Every structure is written in C-alpha cells, then in structure tokens.
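Let me begin by presenting the structure, written as structure tokens, before commenting on it.
The values are calculated or read from the model by the stated rules, or taken from the named source; none is laboratory data. As the structure is a prediction and not an experimental result, all values here were calculated from the model. In case anyone asks, the SASA skips ligands and DNA or RNA and just uses the protein heavy atoms, side chains included. Shrake-Rupley method; radii C 1.70, N 1.55, O 1.52, S 1.80 Å.
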Amino acid sequence: TETRDQERRKQNKNMNNETNPHRIHLLGDGRQEEDIAGGAILPGHLLATTSAAKTSPNACGTVVKHATAGGASERKFALEDALQGKTIDDAYAEGDIVASVQCVPGDVVYAWLSEGEVVTPASFLTSNGDGTLKVATGSDVIVGKALEDVDASDSAGEGDNRVRVRIL
C-alpha cells in the first residue's frame, strides 16, 4: 500500500521529478508571511530575519539571504510573488515586500543549491551562507534532505541550481 505522502506526491504535479515546479513551497503546512527585503532575494533563497524594526503592518521584519554557512536557520524561504503575477524566476529588490514561508518539518520546498554541489536523495543539506544550500558536513546544522539527484558541479559558471528539499 502507498503511504499518505506517496499519494499526495502523485496528486501534486510540483513533486513530479520529470518537470520543474512553478512554485517554491511544494508540499506542507508552513506559515506564509510577508517581510521587507533587506537586499536582492530570489524565490527559493533561505532567509534570515534581521533585527531591523518592522516597517509594514503585515510584515514580520526585514529579511536577507541567510549568511551563516552551516549555521542555524529559521527554515524560512522566499516564495514567488504570485499575487503580483511574478514567477519563481523574478527577484525581489531591496525594500520590496517578500512573500515567504516559515517551514515546518515535512514541508517540501524548491530551494537553491549552491554551484558546485552534487546531491542525491541521501544528502542532508545546510546553509551555504549565501541563501543557497550545500551538502552538510561535520557539525553543520541540517535544514533538510534532498529529494532528487542534482549535479551542480558542471554548471560552468552558469550559477546555482534548484533542488526539491524535505525540511527536517
């Protein structure tokens, strides 16, 4: 018999490994929030909330790309700004209102994998310190686990790649 997660995955076209998703938050119950961008941010970046004061009644604060490689994180990811007709490829500029998701264990996101990384479904991931994820080593704080094979080692300066990640 299939597990509940396997059934949900079949029903969710964004979990189909044969196509690239058009959303960042693919599966789960994470809380959606709005924040102010403290710099350039792409949907799928791992975020950190700064100590900057709240500047919008609907905002939780100012967010930037998570900047501590291997460090603890809120497991918060920038989402696409679908309400403004934007896609996962449209960046936020400093001062923009950023749609984000505060993930809970079990959520699945389409996050950025750092250039040069190679992951398999056995890879545990951590912050690379620039909003992207990398393979965890040693005492790194784990953010999630890759759900697919992605080889970003041959991107030849083309930049980072995205990967489906189950949040732990």
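With 0.36 nm allotted per residue and the present C-alpha distance subtracted, the Asp149-Thr68 stretch has 26.7 nm of extension available. For Thr68, the residues whose modelled amide H falls within less than 5 Å of its own, excluding neighbours fewer than 5 places apart on the same chain, are Gly129. Solvent-accessible area per residue in the stretch 114-168 equals 43 Å², computed with a 1.4 angstrom probe and all protein chains kept.
Take Thr62: with every protein chain present and a 1.4 Å probe, its accessible area is about 20 Å².
Summarising the amide proton neighbourhood of Arg162: residues at separation of 5 or more, or on other chains, whose placed amide H is nearer than 5 Å comprise Leu113. Applied to the stretch 39-48, the Karplus parametrisation 6.51 cos²θ - 1.76 cosθ + 1.60 on θ = phi - 60° returns per-residue 3J(HN,Hα) values of x, 5, 9, 9, x, x, 6, 6, 10, 10 Hz, with x for Gly and Pro.
Computed with every protein chain present, the accessible area of Asp81 is close to 30 Å² [probe 1.4 Å].
Backbone phi angles across the stretch 96-109, fed through the Karplus curve with coefficients 6.51, -1.76 and 1.60 (θ = phi - 60°), yield HN-Hα couplings of 5, 7, 9, 7, 9, 10, 8, 6, 10, x, x, 4, 10, 10 Hz in residue order; Gly and Pro are listed as x.
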